[in-house]
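Working notes for the structure below.
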Amino acid sequence: MSFTQTTLTRVGKPVHRLGLALNYGLAPQDLEAAVERGPNYLFWTQSMGKMTDPVKRVLAQDRERFVLATGPTLGFFAGGITRACERLLKRLDTEYIDVFHLFWVGKSSALTEGTLEALVKLRESGKCRAIAVSIHDRPRAGKLAADSPLDMLMVRYNAAHPGAERDIFPHLHPDKQLVSYTSTAWKKLLSAPSGWTGRVPTAMDCYRFGLSAPQIAVTLCAPASLSELDQNLAALDEGPLSEHEQAFMREFGRAAHSVGMRDSL
């Protein structure tokens, strides 16, 4: 794995390690220009309706180039998950989904014996190539990363919430891969917390922090514009964070977390 490129094992495709989350500012008409810049991991959900047609267009141009990550809004029962997959395939006019998720396990979905069996059957049928969950519960995520039929997990990881280094990374099975999100801690890492007098990280610093962890296959970004995406991509030319940069990001992350963040590090 290089700093900017890796291969998703179960999907069997090379992927740019900076993935596109399509739920924020990027305009629908800009998606084709965005993927021309290199990113080919597309995280799309049904709530991102304005991006549906642009996603369909880029998939139709070269389906084997792109990694489509999606899943049902809710996923509590096996039958509902199977039907949701069929609806997503039809809505996006594609024969398969690369990474099929259960979203926010424990909140908007349930990973049970029945729902896990449904995911495995979808993978075996070829309707999806990899099965995944997004999850906040890091200890549970660590257990799933160590031993489960899942291929991938989507987890929070940033300088203010580095707990995956303790709860998930040491347990990650070699055949499983991680996707990280909220690299900027919902932009809280982009402004100085009370009492901070030093410099403040940029979004590019935050993405480099995530990608500097070899356990992270893909880090999602949600650029507000093509120019913002260009800035993010340019930052990757700097490569992994240096030891000094790591120390700065972690110090700032602790300071930011101590002001107004109630969830655990």
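Values quoted throughout were computed directly from the atomic coordinates according to the rules given, and no laboratory measurement underlies them. Predicted model only: the values in this text are computed from it and were never measured. Neighbour counts run over all protein chains shown; Cβ positions are idealised from the backbone, glycine included.
Can you check how the C-alpha radius of gyration of region 1-110 compares to 2.2 N^0.38 Å, as a plain ratio?
1.07
Mind checking which lysines have their C-alpha under 16 Å from K90, skipping anything on the same chain fewer than 8 residues away?
K56, K127
What do the square roots of 5 times the Cα gyration tensor eigenvalues come to for region 109-235, in whole Å, largest first, as semi-axes of the equivalent ellipsoid?
One finds semi-axes of 31, 17, 12 Å for region 109-235.
Mind pulling the angle between the C-alpha long axis of helix 226-236 and the longest principal axis of the chain? Nearest 10 degrees, somewhere in 0 to 90.
Its long axis makes an angle of about 70 degrees.
Out of every Cα-Cα pair in the chain, what percent are more than 26 Å apart?
The answer is 39 percent, as a whole percent.
Less than 15 Å apart at the alpha-carbon level, and either on another chain or at least 8 residues along: which aspartates and glutamates does that give for K121?
Of all the aspartates and glutamates, those that pass the test against K121 - Cα under 15 Å, at least 8 places apart if same chain - are E86, D98, E113, D151.
Quick one: work out the % antiparallel among DSSP beta bridges in region 5-257, nearest 5.
15 percent
Give me the percent relative contact order of region 122-197, please, defined on Cα pairs under 8 angstrom at least 6 residues apart.
With pairs under 8 Å counted, the relative contact order is 29 percent.
Helix 78-91 sits at what angle to the longest principal axis of the chain, using alpha carbons and giving 0 to 90 degrees rounded to 10?
The angle comes out at about 90 degrees.
Restricting attention to region 1-106, which GluC sites (Glu not before Pro) occupy a DSSP loop and are surrounded by at most 12 other Cβ atoms within 10 Å?
In loop regions of region 1-106 (DSSP not H, G, I, E or B), the sparsely surrounded GluC sites (Glu not before Pro) are E64, E95.
Charges only on Cβ, +1 for Lys and Arg, -1 for Asp and Glu: so what's the dipole of the chain about the Cα centre, in debye to the nearest 20?
Charge dipole of the chain: 620 debye, to the nearest 20.
What list of ³J(HN,Hα) couplings, whole Hz, do you get for region 177-188 from phi and the Karplus terms 6.51, -1.76, 1.60, once you set θ to phi - 60° and write x for glycine and proline?
With coefficients 6.51, -1.76 and 1.60, one gets 9, 10, 10, 10, 9, 6, 4, 9, 6, 6, 6, 6 Hz.
Please give me, ordered by residue number, the chymotrypsin sites (Phe, Trp or Tyr not before Pro) of region 186-265 that lie in loop per DSSP and have at most 14 other Cβ atoms within 10 Å.
Sparse-neighbourhood loop chymotrypsin sites (Phe, Trp or Tyr not before Pro): W186, W196.
Tell me the mean residue ellipticity at 222 nm calculated for the chain from its helices only (DSSP H runs of n ≥ 4, each -39500 (n - 2.57), averaged over every residue, nearest 500).
-10000 deg cm²/dmol
Which residue, T82, P240, T9, has the largest displacement toward the positive end of the dipole of the chain when charges sit on each Cβ (Lys, Arg +1; Asp, Glu -1)?
About the Cα centre, the residue reaching furthest to the positive side is T82.
Using 7 Å Cα-to-Cβ label points, what is the Q46/D230 separation (nm, one decimal)?
Reported label-point gap for Q46 and D230 is 3.8 nm.
Which of the trypsin sites (Lys or Arg not before Pro) found in region 159-265 are loop residues per DSSP with 16 or fewer other Cβ atoms within 10 Å of their Cβ?
Listed in order of number, the matching sites are K187, R199, R262.
Which of F43, L116, Q29 sits farthest toward the positive end of the charge dipole of the chain, with +1 on the Cβ of Lys and Arg and -1 on the Cβ of Asp and Glu?
L116
Quick one: give the max-minus-min coordinate of the C-alpha atoms of region 17-80 along each principal axis, largest first, in Å.
Extents along the principal axes: 39, 25, 22 Å.
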